[in-house]
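Nothing in this text is a laboratory measurement; each read-out follows from the coordinates by a stated rule. Please read all numbers here as calculations on a predicted model, not as lab measurements. When we count neighbours, we look across all protein chains shown, and the Cβ atoms used for this are built from the backbone with ideal geometry, even at glycine.
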Amino acid sequence: MEVIHKIGRRKTAVARVYLSEGKGNITINKKDIKDYFDTATLQYKVNQPLALTENEGVFDIKVNVFGGGITGQAEAIRLAISRAMCEIDPENRLVLKPEGLMTRDPRMVERKKFGQKKARKKFQFSKR
């Protein structure tokens with residue numbers, strides 16, 4: 001099996017995932033997953049597509065991720081791994097799609113407008 005390359009995005013985070021056969025090692029930006037994502041919740045998010053398709057410990061995953069915060073990065077990695085799982089076996093799509101793992105979350109930060117403090121917040125209004 002050759003290396004499978006997929007991209008996942010969330011907010012401003014972009015994750016490039018390289019999937020190859022191996023022992024189940026997940027390396028993110030040249031660090032182990034436990035060093036990069038210290039909370040169990042974020043580690044679970046990254047492992048979710050592998051657990052649902054019963055592929056834990058089958059593939060070595062090398063990830064290059066940048067931009068955004070750690071939660072956005074974890075969800076970008078999750079989307080990229082899900083896409084790679086579908087390329088390996090199209091049957092995996094039937095498992096991942098109902099869980100919402102194949103959908104790119106379109107929500108982004110709204111831009112700040114001029115004449116306002118933030119995107120929606122206005123400067124204090126004074127009648128007199």
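Strands (runs of 3 or more DSSP E) fully within the stretch 1-75 that include at least 3 residues being in contact (Cβ under 8 Å) with a residue 12 or more places away in the chain and under 20 Å from residue 106 (Cβ atoms): 4-10, 13-21. Being in contact (Cβ under 8 Å) with a residue 24 or more places away in the chain and either out of contact with any Asp or Glu (no Cβ under 7 Å at 6 or more places or on another chain) or within 30 Å of residue 121 (Cα to Cα) (or both) is a property that residue 109 has.
In this structure, does residue 42 turn out to be touching a helix residue (DSSP H, G or I) at 6+ places or on another chain (Cβ under 8 Å), of a type in the set (A, V, I, L, M, F, W, C), farther than 30 Å from residue 123 by Cα and buried (at least 16 other Cβ atoms within 10 Å of the Cβ)? When the stated conditions are applied, residue 42 passes them. Being of a type in the set (D, E, K, R) and farther than 24 Å from residue 98 by Cβ is a description that does not apply to residue 45.
If you go through the stretch 85-119 and keep only what is among the hydrophobic types (A, V, I, L, M, F, W, C) and assigned to a loop (DSSP other than H, G, I, E, B), you end up with 101, 102, 108, 109, 114, 119.
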